[in-house]
Amino acid sequence: MVESPFQYGSLATKDNFIDRVSERASLKQMLFSGINVSLISPRRWGKSSLVKMAMDELTSERKDVRVCYLDAFSIDSMEDFYSKFASAVLSCTSNKIEKAWSDAKKYLGGIIPGLTVSDGLNDIITINFRHNPLNDNQSQILDLPEKIASDKRIRVIVCIDEFQQLAEMDGYEELEGKMRSVWQHHKNVSYCFYGSKKYMMMQIFNDSQKPFYRFSETMFLGKIAQEDWVPFIVGGFRKTNKSISEEFAVEICEHTESHSWYIQQLSYFVWSDTDKEVSQEIMNRAYRRIIDTNAPMFMSDVEKLTASQREMLKAIIAGETQLSSAGAREKYRLGNLTTITRNKKILETKAFVDSNDGALEISDPIFRAWFAEKYMA
Ligand SMILES: Nc1ncnc2c1ncn2[C@@H]1O[C@H](COP(=O)(O)OP(=O)(O)OP(=O)(O)O)[C@@H](O)[C@H]1O
Ligand SMILES: [Mg+2]
């Protein structure tokens, strides 16, 4: 059994991680210098992998830096947020579990009534606030990284993945105001927020009426260039004693429009179907397979849309740029102008479409192919 050189579904690390040279350098530089970053890209282009890689490099270069990770997808209430935030900060700033315990008592002592501390199986400290902490205590918890950083003379970087998910929770507005007012005083802590729903991220970070306006530097993550993917694909086959021509490697990039996850997935399908050398037939089968594999997920997403929202997707795929024009409205049954405005917003919020300089487009190439095949053939 040979291990596949192509992987998806987990973060790209080590040999599997390519390029992102300038992005890694600027992320490291900004976060180390105390500049907060909000990093945005469509789903699965490689945000989480990039942050992890850049932060691993930084911590190996600088012994005085600690990085905490929080995934907003796993948070379901305010008390859960405070619990996980405190746990992540205490765990990453202490070298030993015993130390994290005593830090918990030292820094959260005042909040102890609702606090239980347990060391899990895996050397991670878990703080549980059984109730949403009281007002003053909330601020103290949010202040925890700065307190610890200045006491221990270290720099702390707090990374919050899928940050926009927090905005979907009850009580977010209050939390948002509080985070901003506490965190803006932090001198030894920087924050990295990343998320895949551009529309929601922009509403949080780029709206002058909102607390997080100008709190961070916005970084739009682009795609990895085809010139970097092609040698990675060709090399992956070669080191496992198989071969793929450069032309087919280019075809993989084109089918997937250099989308990080899909490139790895399609390369894997081609690789696993190949004995020695890739043929056109193998390429075609693999392309079929990538659409079929993702179809159930696409289907369940599309089922949640209304008929007029689906019609709007058709119009966009067909290249219609004037969705509000009488012609387009009639041709695609898009509904009245109010419906059109609402549907645009819903499709953007749900990240089916992206708006670039006002033009709507569907950034997921496999979804687009599947949708066209199913609804427009
Ligand atoms: N630098 C890279 N080099 C090679 N492959 C990559 C790289 N970045 C991402 N990938 C591929 O893309 C997949 C998705 O990456 P990752 O989970 O980091 O993206 P993401 O933007 O955080 O996704 P999500 O929107 O789901 O959170 C990885 O599993 C890997 O296969
Ligand atoms: Mg991610």
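Values quoted throughout were computed directly from the atomic coordinates according to the rules given, and no laboratory measurement underlies them. All values reported here derive from a predicted model rather than from experimental measurement. When we count neighbours, we look across all protein chains shown, and the Cβ atoms used for this are built from the backbone with ideal geometry, even at glycine.
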- Message: From Cα pairs below 8 angstrom and at least 6 apart in sequence, can you work out the relative contact order of the stretch 20-220, rounded to a whole percent?
- Response: 32
- Mean shadow area of the stretch 226-300 over all directions, Cα convex hull, nm²: 4.6
- Query: Which whole-Hz ³J(HN,Hα) couplings does the stretch 296-304 yield from phi under the Karplus relation 6.51 cos²θ - 1.76 cosθ + 1.60, θ = phi - 60°, glycine and proline marked x?
  - Reply: x, 5, 4, 4, 5, 5, 6, 4, 7
- Message: Can you tell me which lysines have their Cα less than 29 Å from the Cα of Lys99? Leave out same-chain residues fewer than eight positions away.
- Response: Lys28, Lys52, Lys63, Lys84, Lys147, Lys152, Lys178, Lys187
- Separation between the Ser181 and Thr349 pseudo-spin-labels, each 7 Å from Cα along Cα→Cβ, expressed in nm? 2.7
- Message: What's the whole-number percent of alpha carbon pairs in the stretch 305-375 lying beyond 13 angstrom?
- Response: 62
- Message: Can you give the log10 of the normalised intensity I(q)/I(0) at q = 0.12 Å⁻¹, computed with Debye over equal Cα scatterers of the stretch 20-220?
- Response: -0.57
- Task: Arrange the following residues from fewest to most other Cβ atoms within 10 Å of their Cβ: Met201, Met219, Met376.
- Result: Met376, Met219, Met201
- Reachable aspartates and glutamates from Lys242, criterion Cα separation under 20 angstrom, eight or more residues apart if same chain: Glu3, Asp15, Asp228, Glu251, Asp273, Asp275, Glu277, Glu281
- Note on the structure: Extension length gain for Asn128 and Asn336 (0.36 nm per residue less Cα distance), in nm, is 69.9 nm
- Message: What FRET efficiency comes out for Ser22 versus Asp64 if R0 is 25 angstrom and r is the Cβ-Cβ distance? Round to the nearest 0.05.
- Response: 0.50
- Protection-proxy order for peptides 331-338, 293-300, each taking the mean of Cβ atoms within 10 Å per residue, highest first: 331-338, 293-300
- Item | Percentage relative contact order, the chain, counting C-alpha pairs under 8 Å, at least six apart | 19
- Average silhouette area of the stretch 166-254, convex hull of alpha-carbon atoms, in square nanometres: 9.4
- Message: Tell me which of Gly222, Ala318, Leu334 sits at the most positive position along the dipole axis of the chain, charges placed on C-beta atoms (Lys, Arg +1; Asp, Glu -1).
- Response: Gly222
- Starting at 0 and stepping by 10 Å, how many percent of the alpha carbon pairs of the chain end up in each bin? 5, 20, 26, 24, 17, 7, 1
- Cross-link reach from Lys374 to lysines, straight Cα distance under 26 Å and at least 8 residues apart if same chain, gives Lys197, Lys304, Lys314, Lys331, Lys344, Lys345, Lys350
- Give the order of Leu11, Leu27 when sorted by the count of other beta carbons within 10 angstrom, beginning with the fewest. Leu11, Leu27
- Taking neighbour Cβ counts within 10 Å as the exposure measure, how do Lys197, Lys350, Lys63 sort from fewest upward? Lys63, Lys350, Lys197
- Item | In order through the stretch 190-202: 3J(HN,Hα) via Karplus (6.51 cos²θ - 1.76 cosθ + 1.60), integer Hz, x for Gly, Pro | 10, 10, 10, 10, 9, x, 9, 9, 3, 4, 6, 4, 5
- How large is the Kirkwood hydrodynamic radius of the stretch 1-82, in angstrom, based on all distinct alpha carbon pairs? 14.7
- Message: Under the rule that an exposed site lies in a DSSP loop and has at most 16 other Cβ atoms within 10 Å, name the longest stretch of the chain with no GluC sites (Glu not before Pro) of that kind, not counting the sites themselves.
- Response: 4-256
- Task: Just need the relative contact order of the stretch 215-279 here, percent rounded to a whole number, with Cα pairs under 8 Å and 6+ apart.
- Result: 35
